[in-house]
C-alpha cells in the first residue's frame with residue numbers, strides 16, 4: 001500500500017508541475033520580450049561592472065563625451081543596466097524600467113550610427129570590454145532589434161498601461 005500511495009502523490013505533484021509549466025508557457029508575448037531584454041541588460045552589465053577601467057576606455061574611444069564624464073558614465077551606466085535588467089526580469093517598476101531601457105537603447109544606437117558614419121574603427125563595448133570587433137551593420141541590426149522590442153514594450157506596457165494584470169514576477 002505504501003508504494004501505491006507514494007506513486008499517487010508523485011503523479012499529483014507531476015500534474016501540478018505540468019499545469020504550472022503550462023501556465024508559465026502561456027504568458028503573453030510582451031512577457032517574453034521583457035525577459036529577453038532583461039537578460040540582455042543583465043549580461044551586458046556584468047563585465048562592465050567587473051572591469052570599469054576597460055569600459056571607461058571603450059566609452060572614451062567613442063569620442064562623444066567630454067573627458068570629464070567618461071569615468072562617471074563608465075561607473076554609473078553598468079549599474080543602471082544591471083538595475084534595469086533585474087527590474088525587467090522581476091517585473092517590478094515596469095513603466096520606469098521600460099522607459100529608461102528604451103531611452104538607453106536609443107542613445108546606444110545613436111552613438112553606434114554616429115561613430116559608424118564618422119568612420120571610427122571603435123569597438124562597441126556593448127557587452128563589456130571584450131566585445132568582439134568594430135561596429136558593423138550587424139551590430140546596428142542587433143541594437144535596432146533591441147530598440148524595436150523596447151518600443152513594443154513601451155507601447156504595450158507604458159502607453160496603454162497594461163503592466164498590472166499580466167506581467168507580474170516569474
Members of the stretch 98-138 that are within 17 Å of the chain's Cα centre (by Cα) and at pLDDT 90 or above: 98, 99, 100, 101, 102, 103, 104, 105, 106, 107, 108, 109
Filter result for residue 54 (modelled with pLDDT of 95 or more and over 22 Å from residue 117 (Cβ atoms)): no
Condition met for residue 58 (in contact with a strand residue (DSSP E or B) (Cβ under 8 Å, 6 or more places away or on another chain) and crowded, with 18+ Cβ neighbours inside 10 Å): yes
Output for the stretch 125-156, where each listed residue is outside any helix (DSSP H, G or I) and either without any contact (Cβ under 8 Å) to a residue 24 or more places away in the chain or touching a strand residue (DSSP E or B) at 6+ places or on another chain (Cβ under 8 Å) (or both): 131, 132, 133, 134, 135, 136
Residue count, the stretch 57-110 (criterion: in contact (Cβ under 8 Å) with a residue 40 or more places away in the chain and part of a helix (DSSP H, G or I)): 21
Those residues of the stretch 22-42 which are part of a helix (DSSP H, G or I) and touching a helix residue (DSSP H, G or I) at 6+ places or on another chain (Cβ under 8 Å), in sequence order: 30, 31, 33, 34, 35, 36, 37, 38, 39, 40, 41, 42
Matching residues, the stretch 75-98, being surrounded by fewer than 19 Cβ atoms within 10 Å (Cβ to Cβ) and touching a helix residue (DSSP H, G or I) at 6+ places or on another chain (Cβ under 6 Å): 75, 82, 93, 95
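The values are calculated or read from the model by the stated rules, or taken from the named source; none is laboratory data. Because the structure is a prediction, the values reported are computed rather than measured. Note: ideal-geometry Cβ built from the backbone for every residue, glycine included; neighbour counts use all protein chains shown.
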